[in-house]
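Working notes, structure below.
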Amino acid sequence: MARPPSASAATFRRAALDALALLLPVSCAGCGTPDRAVCDGCRGALHPHPTLVSRDDLSAWAALEYVGVAARTIGAFKDGARTDAAAPLAAALAAAVRAALEGCAPGVEVCTVPSTPAAMRRRGYSPVDLLLARCGIRSSRVLRLTRARIDQAGLGVDGRRANAAGALEAHRDLAGRRFLLVDDVLTTGATLAEASRAIGVARGSVVGFAVLAETPRRYPRDIRTPDRRLRDNATHGSYGGMTGVVEPPFRSG
């Protein structure tokens, strides 16, 4: 488990950031404060509290609520090329992944939903895969798009379901393989449900779902499940070294 930084290390880090800001001025992705990729206040707002949330028949572990600082930071990271804001978001996603894997037997693979070609050209990277890489986790690339999808933003429940339906397939037989599906923002659950369907058609199984954030608008948190503070939630930067999640072990790639 990572140890908290010493006072001297924290002071040195702040001094180094101050010096770097003179050469490469930036503003906080969460609040716009000058000279920080993510300021200390916004880092606090991004501290994860993994919670089990439900969408119809799907339940997922979400690290954050997609509101305020979290929404602005995630938006800047995904669509504003603010990859310098990845560290606290990666720590939050790692907490959700760990919560989802708690109690699972070894051998679970992490799988993400592939980005559309247009999104990859626009961003130059896959946001979820980049965050997982910061945690030392490599996604198993077993899903592919079967047709074009439009951006889900602005679509209602029925529109999202129609947009996602039949859009994914596994490009190999997955018999005997178990997966944790990971995504960035959970709204209706249509994308994760479609990914789960595609894995099931290929004879694989899905043991759970983890997301960076869930949008609470129209979907209140599941009051039956209290917030769970898990070990290592406060770690920053990497998570679990190069072997991925420590408890329980899982396979990737």
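Here are some residues: Ala213, Ala193, Ala167. Which one is at pLDDT below 90 and surrounded by 14 or more Cβ atoms within 10 Å (Cβ to Cβ)? Answer to the check: Ala167.
Restricting the search to region 170-186, which residues are without any contact (Cβ under 8 Å) to a residue 60 or more places away in the chain and buried (at least 21 other Cβ atoms within 10 Å of the Cβ)?
Of everything in region 170-186, just one residue is without any contact (Cβ under 8 Å) to a residue 60 or more places away in the chain and buried (at least 21 other Cβ atoms within 10 Å of the Cβ), namely Leu174.
The values are calculated or read from the model by the stated rules, or taken from the named source; none is laboratory data. These figures come from a predicted structure and were not determined experimentally. Note that each Cβ is placed from the backbone with ideal geometry, even for glycine, and that neighbours are counted across all protein chains shown.
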